[in-house]
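The structure under discussion appears below in the form of structure tokens.
The values are calculated or read from the model by the stated rules, or taken from the named source; none is laboratory data. In this text, all values refer to a predicted model and were calculated from it rather than measured experimentally. As a convention, Cβ positions derive from the backbone with ideal geometry for all residues, glycine included, and neighbour counts pool all protein chains shown. Surface areas here come from the heavy atoms of the whole protein model, side chains and all, with no ligands, DNA or RNA. Shrake-Rupley method; radii C 1.70, N 1.55, O 1.52, S 1.80 Å.
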Amino acid sequence: MSLATQIRSEGAPTAHPFVTRLMRLISFSANDLKSLDSIIDGERFVKKRKDLVVVGHEFRNLCFVRDGYAIRYKLLHSGKRQILNVILPGDVIGVPVSFFDRSIYSVVAISDLTYDICSLDAYVRLCYEQPQFGLVLSWLAAHEAAIYAEHIVDLGRRTPIERLAHFLLEIHARLLGVGRAEATSFNLPFSQEVMADVLGLSVPHLNRVMQQLRADQLVSSRSRAIELNDVTRLQTLAQYQPLDLALIPVPANTT
């Protein structure tokens, strides 16, 4: 199946979530997407709880997530796990670990996961031929860095309720950007244990904080369905600033 499109169960073609992210930054022609598709080494499927990247091992691929979820994490000698970030459809596994001699963290699927893969070398060759692909990857890396920065603020300075509000807004925005959420609602794809590790809370503490958001009528939830009842108040509570990337500048034609 082409990277540019995937087929829904009802037969309607939709853009791959990674391509959706690209097209929000710069215009790509059908031929551009064919060039990207030509370096893809196939689609892969991994089951829940399988490691895709192992810290300390070489990893020289880029994996463009179609469906499913994963986490980037570091496991300490004490056995404690620090989750660095969650991976959603449209994200790239392999940035930044593929740019180091050995991986600096691990990646594990937290649901069944489908992705398209290419070697880093093949992508670099494509960037030499069509520099816009290098530009778009740098823009996405900047977005990733901004998310990491917010997570540092979460753990260092935000209160538990501010952390959770910020996290829910972040996940909603990221899913909405690839067509996997509604205007004020989404399905939360993570277990309580994963969310607690992301936010540096115990599971009981996480539950108490979620109950407080419900009591304040900021969110409502049923199973994993989350409704953001008052986005403005949530943003004020979390001091949330949307991470809207600027468009990639297109050079003016010269004569």
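Which entry in [x] 7, 32, 39, 19, 2; [y] 6, 29, 35, 22, 7, 1, 0; [z] 7, 30, 36, 17, 6, 3, 1, 0 matches P(r) over Cα pairs in 10 Å bins from 0, in percent derived from the coordinates of this structure? The value computed from this structure is option [y].
How charged is the neighbourhood of Asp101? Take every other residue with its Cβ under 12 Å from the Cβ of Asp101, and add Lys/Arg as +1 and Asp/Glu as -1. Don't skip to the end; give the middle numbers.
Numbers: positive: Arg60, Arg102; negative: Glu58.
With Lys, Arg at +1 and Asp, Glu at -1, the neighbours total +1.
Looking at the stretch 96-255, the accessible area is 52 square angstrom per residue; that uses a 1.4 Å probe and ignores ligands, DNA and RNA. Across the protein chains, with a 1.4 Å probe defining accessible surface, the residues Lys74, Lys34 rank Lys34, Lys74 from largest area downward.
With a 1.4 Å probe and all protein chains kept in place, how do Arg102, Arg66, Arg158 rank by accessible area, largest first? Working shown, then result.
Numbers: Arg102 130, Arg66 5, Arg158 30 Å².
The ranking, largest first, comes out as Arg102, Arg158, Arg66.
On the basis of the beta-carbon distance and an R0 of 41 Å, Arg24 and Ser78 show a calculated FRET efficiency of 0.50.
Counting only Cα atoms, the size of the stretch 1-149 along its three principal axes is 50, 38, 27 Å, in decreasing order. Distance between the modelled labels on Phe45 and Ser191, one decimal in nanometres: 2.2 nm (7 Å Cα→Cβ projection). Backbone amide hydrogens, once placed in the peptide plane, bring Ile87 within less than 5 Å of Ala70, Ile71, Arg72, excluding anything fewer than 5 places away on its chain.
Relative contact order for the chain: what is it in percent, counting Cα pairs under 8 Å that are at least 6 residues apart? Walk me through the numbers on the way to the answer.
On the way: 400 pairs, mean separation 49.4, N = 255.
Dividing the mean separation by the residue count of the chain yields 19 percent.
Each residue of the stretch 90-95 was assigned a 3J(HN,Hα) from its phi angle through the Karplus expression (A = 6.51, B = -1.76, C = 1.60, θ = phi - 60°), giving x, 7, 10, 8, x, 10 Hz with x at Gly and Pro.
Net charge of the neighbourhood of Thr184, taken over other residues with C-beta under 12 Å away and scored Lys/Arg +1, Asp/Glu -1, is -3. Which aspartates and glutamates have a Cα lying under 19 Å from the Cα of Lys80, excluding residues fewer than 8 positions away in the same chain? Cross-link targets: Asp51, Asp154, Glu193, Asp197. Nonpolar atom fraction for the chain, defined as the carbon and sulfur part of the 1.4 Å probe accessible area, stands at 52 percent.
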